[in-house]
Amino acid sequence: MAKRLVGVVRHFYQKIGVAVLDLESDLRVGQRISVEGPETDVQETVVSMQVDKEQVEEARAGSQVAVKMEGKVREEDHVYLEG
C-alpha cells in the first residue's frame, strides 16, 4: 500500500491524547494515517481535528493542526497518509 508524508508530530499531549502536527500536505477527517518513528508504529483514522481551537473537517498544507489520537506518538515522528 502506498503512503506519502503528510506531516511531523511537534508535540503530544499524553493526558488528553492529542498530537500537534505540522502539515506538509492536506489532511481530512476520515483519512487513515500511520505515525512512525524509532519507537512508534501507530495506524489510526482521523476522527477529530482542530486548527486554532476550532473544529475543522480539513486542514491545508502549511498549517498546524491538533489531532485526537488513541495511540501514543512522539515528537518528530513522521505522519503518513495511507492509501
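Out of all the residues in region 9-45, which are within 19 Å of Glu82 (Cα to Cα), touching a residue at least 40 places away in the same chain (Cβ under 8 Å) and of a type in the set (Gly, Ala, Ser)?
Once the filter is applied, which keeps residues that are within 19 Å of Glu82 (Cα to Cα), touching a residue at least 40 places away in the same chain (Cβ under 8 Å) and of a type in the set (Gly, Ala, Ser), region 9-45 yields Ala19, Ser25, Ser34, Gly37.
Taking the condition of a type in the set (Asp, Glu) and surrounded by 15 or more Cβ atoms within 10 Å (Cβ to Cβ), does Glu75 pass? Full working, then the answer.
Numbers: of a type in the set (Asp, Glu): yes; surrounded by 15 or more Cβ atoms within 10 Å (Cβ to Cβ): no.
Criteria not met by Glu75.
Inside region 1-45, can you point out the residues that are assigned to a loop (DSSP other than H, G, I, E, B) and among the β-branched types (Val, Ile, Thr)? Outline the logic, then answer.
Pass one, region 1-45, residues assigned to a loop (DSSP other than H, G, I, E, B): 1-2, 14-17, 24-26, 29-31, 38-39.
Passing the criteria: Ile16, Val29.
Being part of a strand (DSSP E or B), surrounded by 15 or more Cβ atoms within 10 Å (Cβ to Cβ) and either without any contact (Cβ under 8 Å) to a residue 24 or more places away in the chain or touching a Ser or Thr at 6+ places or on another chain (Cβ under 7 Å) (or both) is the filter here, so list the residues in region 46-66 that pass it.
Residues satisfying the conditions are Met49, Gln50, Val51.
Just so you know, all these numbers are worked out from the coordinates, no wet-lab data involved. The structure presented is a predicted model; accordingly, all values stated were derived computationally and were not measured. Heads up, the Cβs are rebuilt from the backbone with ideal geometry, glycines too, and the neighbour counts pull from every protein chain shown.
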